[in-house]
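The values are calculated or read from the model by the stated rules, or taken from the named source; none is laboratory data. Please read all numbers here as calculations on a predicted model, not as lab measurements. Counting neighbours? That spans all protein chains shown, and the Cβs are built from the backbone with ideal geometry, glycine included. We work out accessible area using only protein heavy atoms, side chains counted, and drop any ligands, DNA or RNA first. Shrake-Rupley method; radii C 1.70, N 1.55, O 1.52, S 1.80 Å.
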Amino acid sequence: MATLQDRRRILGPTDTVRLGYTNKEPEDEEQIAAEGADEAKSDRTRERPSDELRRLFLKQGLVSNANGSAYIEIGDIQLQCTVSGPMPIRGSFQTEADLSVEAKFSPFDEQKHGVAGASGIEKSIAAFIHTAISPSIMLEQYPKSAINILVSIISSSENTKSLLYAAITATSVALIDSGISVRDVVTAGSVLIARDGANKHQIYDDPEYAPAESDIDAVVSYMAARNNEITGIWSEGGNISPAELDEIFKHTKSMAGQIRTLVNGLLLEDFKNKEQSVAEN
């Protein structure tokens, strides 16, 4: 007699062993000291200039079963964004599309944030992306529809704000790839203000490491074609003076502009390739 089987999923072998993750103990005091030095890394000791951005790799249209997709790499950051929709939804009539955003860490990357705390960080990231991206989408053109955005974080950075600007960039490109009507492409910039004293501070664009307790860490998103309209801002680090706020806007606006130039080049190259393909056929 055949055993009952759940045909909705693929079952593994009966002798499958679950993988386990263990932290390797340091072998000697030198290794302990080296690991302690790594943990103490900050943007104050980074090799590139304070206003220099990391190299960026960006590609769209890699996921065939999604309406739109984009993949981005910036330093340790690797993430993929997929867009599904617009899809019809049942129920009461809606005058504009229902936009949902979900962010998910890969199982091995969420260890950086702690298994218990990963869910909270994912929700915060998704909420900010939704806030930053939604003003650019012409939701009113898709009544009684749903647009779903999934940001899959393969590898993250110690600095959450840099992760956010990468996610916003990938989401904007994925929306363009999906063919959904948008008012503008949203790009963002992240900045860290290291406070070294009452009147002394250093500003770092595109920070790599987690901020110190006294530092200001911020990300701001813009729509450049609409007079650099700010669509979202998230800052941490306590009270911010008017002068520091001006510096945040100045540096993030410049960084978002540089990213926008790269995105424009990618979209133009993709358009030329499609135009050439149509001409050849």
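A count restricted to the stretch 185-204 and to residues that are closer than 16 Å to residue 54 by Cβ and either open to solvent by less than 10 Å² (accessible area, probe 1.4 Å) or part of a loop (DSSP other than H, G, I, E, B) (or both) stands at 6.
Can you name the residue in the stretch 248-281 that is of a type in the set (Val, Ile, Thr) and surrounded by 10 or more Cβ atoms within 10 Å (Cβ to Cβ) and is also farthest from residue 205 (Cα to Cα) among such residues? Before the answer, list the steps.
Just the residues of the stretch 248-281 that are of a type in the set (Val, Ile, Thr), to begin with: 248, 252, 259, 261, 263, 278.
Now drop any that are not surrounded by 10 or more Cβ atoms within 10 Å (Cβ to Cβ), which leaves 248, 252, 259, 261, 263.
Details: 248: 10, 252: 8, 259: 12, 261: 17, 263: 19 Å.
Only one residue fits best here, namely 263.
Of the listed requirements (1) on the phi < 0 side of the Ramachandran plot; (2) over 19 Å from the mean Cα position of the chain (by Cα), residue 217 misses just one: (2). Scanning the stretch 140-175 for residues that are over 11 Å from the mean Cα position of the chain (by Cα), surrounded by 20 or more Cβ atoms within 10 Å (Cβ to Cβ) and farther than 19 Å from residue 106 by Cα gives 142, 147, 173, 174, 175.
Which ones in the stretch 158-179 are among the polar types (S, T, N, Q) and within 17 Å of residue 234 (Cα to Cα)? Give the steps one after another, and end with the answer.
First, the residues of the stretch 158-179 that are among the polar types (S, T, N, Q): 159-160, 162, 169, 171-172, 178.
Within the stretch 158-179, 159, 160, 162, 169 qualify.
With the structure loaded, tell me whether residue 52 is at pLDDT below 90 and of a type in the set (D, E, K, R) or whether it fails that test. Full working, then the answer.
On the way: at pLDDT below 90: no; of a type in the set (D, E, K, R): yes.
Considered against the rule, which asks whether it is at pLDDT below 90 and of a type in the set (D, E, K, R), residue 52 comes out as no.
Of all residues being open to solvent by less than 60 Å² (accessible area, probe 1.4 Å) and outside any strand (DSSP E or B) in the stretch 214-232, which is farthest from residue 133 (Cα to Cα)? Just the residue, please. Reasoning before the result, please.
Taking the stretch 214-232 as the starting set, the residues that turn out to be open to solvent by less than 60 Å² (accessible area, probe 1.4 Å) are 214-224, 228, 231-232.
Next, from what is left, pick out any that are outside any strand (DSSP E or B): 214-215, 224, 228.
On the way: 214: 30, 215: 27, 224: 13, 228: 14 Å.
For the stretch 214-232, the residue satisfying everything is 214.
Out of all the residues in the stretch 133-161, which are assigned to a loop (DSSP other than H, G, I, E, B) and either among the acidic types (Asp, Glu) or on the phi > 0 side of the Ramachandran plot (or both)? Walk me through it before giving the result.
At the first step, the residues of the stretch 133-161 found to be assigned to a loop (DSSP other than H, G, I, E, B) are 138, 142-144, 156-159.
Correct list: 144, 158.
For the stretch 113-130, the candidate set comprises residues that are more than 21 Å from residue 66 (Cβ to Cβ) and surrounded by 16 or more Cβ atoms within 10 Å (Cβ to Cβ); within that set, the residue that is modelled with the lowest pLDDT is 113. For residue 109, the stated conditions hold: it is open to solvent by less than 20 Å² (accessible area, probe 1.4 Å), touching a Ser or Thr at 6+ places or on another chain (Cβ under 9 Å) and modelled with pLDDT under 95. Which of the residues belonging to the stretch 49-86 are loosely packed, with under 14 Cβ neighbours inside 10 Å and either closer than 23 Å to residue 158 by Cα or in contact with a strand residue (DSSP E or B) (Cβ under 9 Å, 6 or more places away or on another chain) (or both)? Those that are loosely packed, with under 14 Cβ neighbours inside 10 Å and either closer than 23 Å to residue 158 by Cα or in contact with a strand residue (DSSP E or B) (Cβ under 9 Å, 6 or more places away or on another chain) (or both): 49, 51, 52, 55, 57, 62, 65.
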